[in-house]
Amino acid sequence: MPTDEPTLTLDDAAELVDAWLVHLRGMGKAEGTLVAYRRGVNQYLAFCREHGHDDPIRRRVLSAWLAHLRDAQQMQGYTARSRLTAVRQFAKWLLDEGEIDANPFVDMTQPAVDEKLVEPLTLDQIRALLATCATPKGATAERTYVDVRDAALIHVLAETGMRAGEVLALDLDDVHWKDNPAYLIVRRSKTRRGRTVPLSPQAADRIGRYVRARRRLRDADRSSAFWLAARGGVLQYSGLYDALAKRADEADVPNFHPHKMRHTAAHRWLAAGGSEGGLMSVAGWRSPQMLMRYTRAQAAQRAAEEAKRLGLGEL
């Protein structure tokens, strides 16, 4: 039964967040997971502080926060679920560590999810993105490098559907562009399972151009990371996002986000007659539900094209 005394004060909870994250890191959790968990718990504790809730480990307080995310912030269901997962995992650790006597969040209902259709890019839009990477005569060495790099990134993302984090995590030894057939090795995945990703000769050609441009960068030989920023250092997600968002603006591609390339690649695979099992293997999906989520937007179009190829009307 709830009492009037705080189960754990807000200040105490805030001080324990770092210890929890150290524990998760020791358990081998991916860095991306730690970032998401920290964001979720810190946002919850900030809500508690703003609204005068000094006892954050209360079911009614968490329910109020979830309502705030839905109504005030108009947060999508999947994002709200991610935030709730972070707080629930934090509470579970607090119980395991003896910081609280009971975990009231165990059976909290997940926020409802409105399935959002993400339209893949058209072939014309992909080509428009690539066209922005054409280097004009007399361009600087930096502009030349960025154009070659971004063209390779766009091609790889649109063809393979790899997650942006997987692409950025590639090392030199993971990129087998000279092989026939060419392929990439994903060692660090969201699902913690490695896989190989096939590459077309066209993608291998663009990567080869990038490799030559990369060699000309100052101090490039000091890093084993495959993708480098133009002015030194490893290319980070923020750099990739800014680079591709700029290309999308120039190409007049609306509502662009790097993750849209994953939807695009999945649609293109199935539309070209690729199997669902093959797509799941290449994309690194473990359940058909993920495949359906990423390919729903153009399912009717693909079905119509398939019906035309089958020619079932020829009786």
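For the range 80-119, residues that are part of a loop (DSSP other than H, G, I, E, B), open to solvent by less than 20 Å² (accessible area, probe 1.4 Å) and at pLDDT below 90 total 1. Against the conditions (1) of a type outside the set (A, V, I, L, M); (2) farther than 30 Å from Lys29 by Cα; (3) at pLDDT 95 or above, Trp227 satisfies every one except (2).
What tally of residues in the range 213-253 results from selecting those that are closer than 18 Å to Asp171 by Cβ and either part of a helix (DSSP H, G or I) or out of contact with any Phe, Trp or Tyr (no Cβ under 8 Å at 6 or more places or on another chain) (or both)?
Matching residues across the range 213-253 total 20.
Any residue in the range 198-206 that is over 20 Å from Asp174 (Cα atoms) and touching a residue at least 60 places away in the same chain (Cβ under 8 Å)? Looking through the range 198-206, none of the residues is over 20 Å from Asp174 (Cα atoms) and touching a residue at least 60 places away in the same chain (Cβ under 8 Å).
Within the range 123-145, the residues that satisfy the criterion of being exposed (fewer than 12 other Cβ atoms within 10 Å of the Cβ) and outside any helix (DSSP H, G or I) are Ala134, Pro136, Lys137, Gly138, Thr140.
Taking each residue of the range 146-157 that is part of a helix (DSSP H, G or I) and looking for partners that are crowded, with 20+ Cβ neighbours inside 10 Å and of a type in the set (Phe, Trp, Tyr) with beta-carbon atoms closer than 9 Å, six or more apart or interchain, yields Val148/Tyr210; Arg149/Tyr210; Arg149/Trp227; Ala151/Tyr210; Ala152/Tyr210; Ala152/Trp227; Leu153/Tyr210; Leu153/Trp227.
Among the residues of the range 158-180, what is the count of those that are in contact with a helix residue (DSSP H, G or I) (Cβ under 8 Å, 6 or more places away or on another chain), part of a loop (DSSP other than H, G, I, E, B) and open to solvent by 40 Å² or more (accessible area, probe 1.4 Å)?
2
The values are calculated or read from the model by the stated rules, or taken from the named source; none is laboratory data. All of these numbers come straight from a predicted model, not from anything done at the bench. FYI the Cβ positions are ideal-geometry reconstructions off the backbone, even for glycines, and counts take in every protein chain you see. What goes into the accessible areas is simple: the full protein's heavy atoms, side chains included, and nothing from ligands, DNA or RNA. Shrake-Rupley method; radii C 1.70, N 1.55, O 1.52, S 1.80 Å.
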